[in-house]
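Down below is the structure, laid out as structure tokens.
The values are calculated or read from the model by the stated rules, or taken from the named source; none is laboratory data. This is a predicted model, so every value here is computed, not measured. Neighbour counts run over all protein chains shown; Cβ positions are idealised from the backbone, glycine included.
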Amino acid sequence: MFSSIVEFFSYILKLIKATSQEEEENEKGDDIPEDASPKQVYEWFLKKLKDDKAKDVAKNKEPFFQPGKVYIFKYQPFHKDKYSFWDEHPVVVALGKMPAASGYMNVGINLSWYPPPARKYIMKEIKKMYKKQMEEAIRKKPGDAVEQKNIPIDLYALKSKMDQFGFSWGIRNYLPSQIMSPSVVMSYEHWDKCSKFDVPSIFPELKGDGKLFDIYKNFEEYVKWCRSNQTTLLKRREAAQKAQKFKFEK
């Protein structure tokens, strides 16, 4: 379907333009320009981490993530030998938790597994789906990443939407025991910034034999597969919903 990675990215850009023509909303209470570069966003993030009084970017010591919030953390897969490469520094939109062999695992979308245009689109679509809940959480606890109410995300509905385009590619499981505490949680006001964490060797921080090109190439293959196997995906989602257990990479 796609003769080159360039053609694939052109497809992603056309898809995003065709499915979302709305103007970008201005972030409330922002302290860097809306059109800030990834470098500016990263410098802003580091500055926030050094500010002990900051609540909009805060340390989190809880083992399970609150759905709807964005977390940044260091991670070591339990079975590293299973993977040719992995991201040791995920930027994750938390989707909830799921039963595992012993206890539960966090489920989330690792934004770093997507090229920037797709990343931005995913964030915008989730924000659109849960706009009222997000606005209410901000209204009640402005700029408070920890205390803002979580957003109960319907994993089946979200995966159904993302499977249409192969955008469920970056959904992963994270074992709490393998997360190097503390993680960092971002307030909803900074939701749009999270799509700009694009700093080579830091976001993503790849370990193993893979390179950024490999991630994007695998994403391309997954998009192809999803577009050709919608019936199979529907059956898998229905079975997973019935069992209340989806299977994602750890």
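Key figures for this structure:
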quantity	calculated
Any hit, region 231-238, residues being hydroxyl-bearing (S, T, Y) and either over 19 Å from the mean Cα position of the chain (by Cα) or over 23 Å from Y121 (Cα atoms) (or both)	yes
Inter-residue pairs, beta-carbon under 9 Å, first without any contact (Cβ under 8 Å) to a residue 24 or more places away in the chain and more than 18 Å from V92 (Cβ to Cβ) and in region 192-216, second surrounded by fewer than 21 Cβ atoms within 10 Å (Cβ to Cβ) and among the acidic types (D, E), 6+ apart	none
Members of region 177-199 found to be part of a loop (DSSP other than H, G, I, E, B) and among the charged types (D, E, K, R), listed by number	D198
Considering residues of region 43-86 that are of a type in the set (F, W, Y) and in contact with a Phe, Trp or Tyr (Cβ under 9 Å, 6 or more places away or on another chain) only, the residue farthest from P182 (Cα to Cα)	W86
I202 vs. criteria closer than 30 Å to E62 by Cβ, β-branched (V, I, T) and assigned to a helix (DSSP H, G or I)	no
Residues within region 181-214 that are exposed (fewer than 15 other Cβ atoms within 10 Å of the Cβ), among the acidic types (D, E) and closer than 14 Å to S112 by Cα, tallied	1
Single residue of region 29-62 satisfying the filter (basic (K, R) and surrounded by fewer than 11 Cβ atoms within 10 Å (Cβ to Cβ)) that is modelled with the lowest pLDDT	K61
Any hit, region 92-101, residues being farther than 29 Å from A239 by Cα and surrounded by 20 or more Cβ atoms within 10 Å (Cβ to Cβ)	no
Those residues of region 217-233 which are surrounded by fewer than 17 Cβ atoms within 10 Å (Cβ to Cβ) and touching a residue at least 12 places away in the same chain (Cβ under 8 Å), in sequence order	K217, N218, Y222, K224, W225, R227, Q230
From Y130, Y121, residue being among the hydroxyl-bearing types (S, T, Y) and surrounded by 21 or more Cβ atoms within 10 Å (Cβ to Cβ)	Y121
Filtered residue count, region 151-192, keeping only those that are over 14 Å from I126 (Cα atoms) and β-branched (V, I, T)	3
Looking only at region 156-177, and only at residues there that are within 19 Å of S102 (Cβ to Cβ) and out of contact with any strand residue (DSSP E or B) (no Cβ under 6 Å at 6 or more places or on another chain), the one that is surrounded by the most Cβ atoms within 10 Å (Cβ to Cβ)	P176
Given (1) assigned to a loop (DSSP other than H, G, I, E, B); (2) under 27 Å from S201 (Cα atoms); (3) modelled with pLDDT under 95, index of the condition A101 fails	(2)
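Residue by residue, here is whether (1) within 25 Å of N106 (Cα to Cα); (2) aliphatic (A, V, I, L, M); (3) not in a loop (DSSP other than H, G, I, E, B) holds:
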site: D35; (1), (2), (3): no, no, no
site: Q40; (1), (2), (3): no, no, yes
site: F45; (1), (2), (3): yes, no, yes
site: D52; (1), (2), (3): no, no, no
site: Q66; (1), (2), (3): yes, no, no
site: P77; (1), (2), (3): yes, no, no
site: D81; (1), (2), (3): yes, no, yes
